[in-house]
Amino acid sequence: MTPFSRDLLNWFDQHAAALPWRNTRDPYHIWLSEIMLQQTQVATVVDYYTRFLARFPTVAALAAAPLDDVLKAWEGLGYYSRARNLHRAARVIMDAHGGQLPSAASDLQKLPGIGRYTAHAIASIAFGAAVAVLDGNVTRVLARLYDIADDVAEAATRRRLWALAEALLPADRPGDHNQAMMELGRVVCTPRRPRCAACPVRAHCVAFAAGVQAARPVKQPKAPTPHYDVAAGVIYGTGANAGRLLIAQRPADGLLGGLWEFPGGKQEPGESLPEALARELAEELAITVEVGERLVQVKHGFTHFRITLHAYECWHVAGEPAARGVADFAWVPLDAMDAYAFGAADRRIIQTLRERPYRLL
């Protein structure tokens, strides 16, 4: 074991955060934690992880569950393609691997939603495989440790970083080493104002010695984030559907796939928001509505763009709903909305409906 790894693991043994997935070597539990931790803060994941395992305690239980149930359990965690891929992968594991996660990183990487980093994390932590990991935290640690002045997003730099991560990996305790590298980046070698005085491997850090740790890693400036205005209809039913709202399920593939929403779509140039809403509802559900007052405006950010969602109260005027541009639709009482999985912006609309001083439903 190198002096670097010895210092790193000594620190990890003393300071590792007490996290529920560190109390197990169950590959399913470790896989679930790694998927949840993608793009999500540790503090947010802990409760979701515990509740998800209570609902789906085994790979078999997850594979047997309807996708709607899985999405509902994931509701609020975001990046819902993770949940869809987790569900798909569970079924592949049951069908092709006898219900057991493969132990080799190369086999894990063939499963839906598992890339090189995740495959290596699972293989090293759950099975003790000597494979390194490279995520955002490890990238930052390595860029400072070796004072890498090249853009870390470039393919050549990524190859170098992977090679460096592999060269540092000790033959024993590879899973702990990988977790220690990630934890070091998360709590000590932070993006801004790294806590160098508390760093257990400061003596090995070339960027610290040169006083340039704040300038590493090197990244190109991000392009401006696009913004779109989106109109959604809170559609009140009439006749047999009086007292209900029309909701639609998004297609399984694509953004927020499989989740339910208040239907609508993006405003096109030259359209008012009510015009955009009427057009989208005609195209996606084959209905005509009377667009009323705006109920609420919700700002929401996705990975590569931002939206302002304008929700309008609407009344169904004509046309039997048909799933032309959506996966499904349903007329649902407001009090029954909790049975459906919604994205964050649509949950805000539901909250507004429930909290306003008067109720139309």
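What the table below lists for this structure:
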quantity	calculated
Exclusive hit being at negative phi and of a type outside the set (Val, Ile, Thr), set Asp229, Asp147	Asp229
Single residue of Ser33, Ser5 found to be free of Cβ contacts under 8 Å to residues at least 24 places away in the same chain, buried (at least 20 other Cβ atoms within 10 Å of the Cβ), out of contact with any Asp or Glu (no Cβ under 9 Å at 6 or more places or on another chain) and not hydrophobic (A, V, I, L, M, F, W, C)	Ser33
The range 295-311 - residue that is surrounded by fewer than 17 Cβ atoms within 10 Å (Cβ to Cβ) and not aromatic (Phe, Trp, Tyr) and, of those, farthest from Leu77 (Cα to Cα)	Gln297
Residues within the range 85-101 that are in a loop (DSSP other than H, G, I, E, B) and under 14 Å from His29 (Cα atoms), tallied	3
Helices (runs of 4 or more DSSP H) fully within the range 1-67 counting 3 or more residues that are outside the structural domain of His87 (by TED's automatic domain parsing) and of a type in the set (Phe, Trp, Tyr)	none
Qualifying residues in the range 312-342 (those that are within 29 Å of Pro66 (Cα to Cα) and touching a Gly at 6+ places or on another chain (Cβ under 8 Å)) - the one surrounded by the fewest Cβ atoms within 10 Å (Cβ to Cβ)	Pro333
Given (1) more than 28 Å from the chain's Cα centre (by Cα); (2) surrounded by 20 or more Cβ atoms within 10 Å (Cβ to Cβ), index of the condition Gln249 fails	(1)
Ala73 touching a helix residue (DSSP H, G or I) at 6+ places or on another chain (Cβ under 9 Å), farther than 25 Å from Glu166 by Cβ and either modelled with pLDDT of 95 or more or not assigned by TED's automatic domain parsing to the domain that holds Val92 (or both)	yes
Test: Gly237 is out of contact with any Ser or Thr (no Cβ under 9 Å at 6 or more places or on another chain) and surrounded by 13 or more Cβ atoms within 10 Å (Cβ to Cβ)	yes
Complete set of residues in the range 262-286 that are buried (at least 20 other Cβ atoms within 10 Å of the Cβ) and charged (D, E, K, R)	Glu280
Contacts under 9 angstrom Cβ, first residue in the range 66-88 being closer than 10 Å to Ala341 by Cα, partner buried (at least 20 other Cβ atoms within 10 Å of the Cβ) and polar (S, T, N, Q), 6 or more apart	Asp68/Gln249
Listing of strands (runs of 3 or more DSSP E) fully contained in the range 211-320 that carry 3 or more residues being in the same structural domain as Ala344 (by TED's automatic domain parsing) and aliphatic (A, V, I, L, M)	227-236, 245-249, 288-301, 306-318
Filter pass, Glu290 being touching an Asp or Glu at 6+ places or on another chain (Cβ under 6 Å) and either within 14 Å of Leu246 (Cα to Cα) or small (Gly, Ala, Ser) (or both)	no
Ala96 in contact (Cβ under 8 Å) with a residue 60 or more places away in the chain and under 27 Å from Pro57 (Cβ atoms)	no
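The values are calculated or read from the model by the stated rules, or taken from the named source; none is laboratory data. From a predicted model like this one, the values you see are computed outputs, not experimental measurements. All Cβ positions, even for glycine, are placed from backbone atoms using ideal geometry, and neighbour counts span all protein chains on display.
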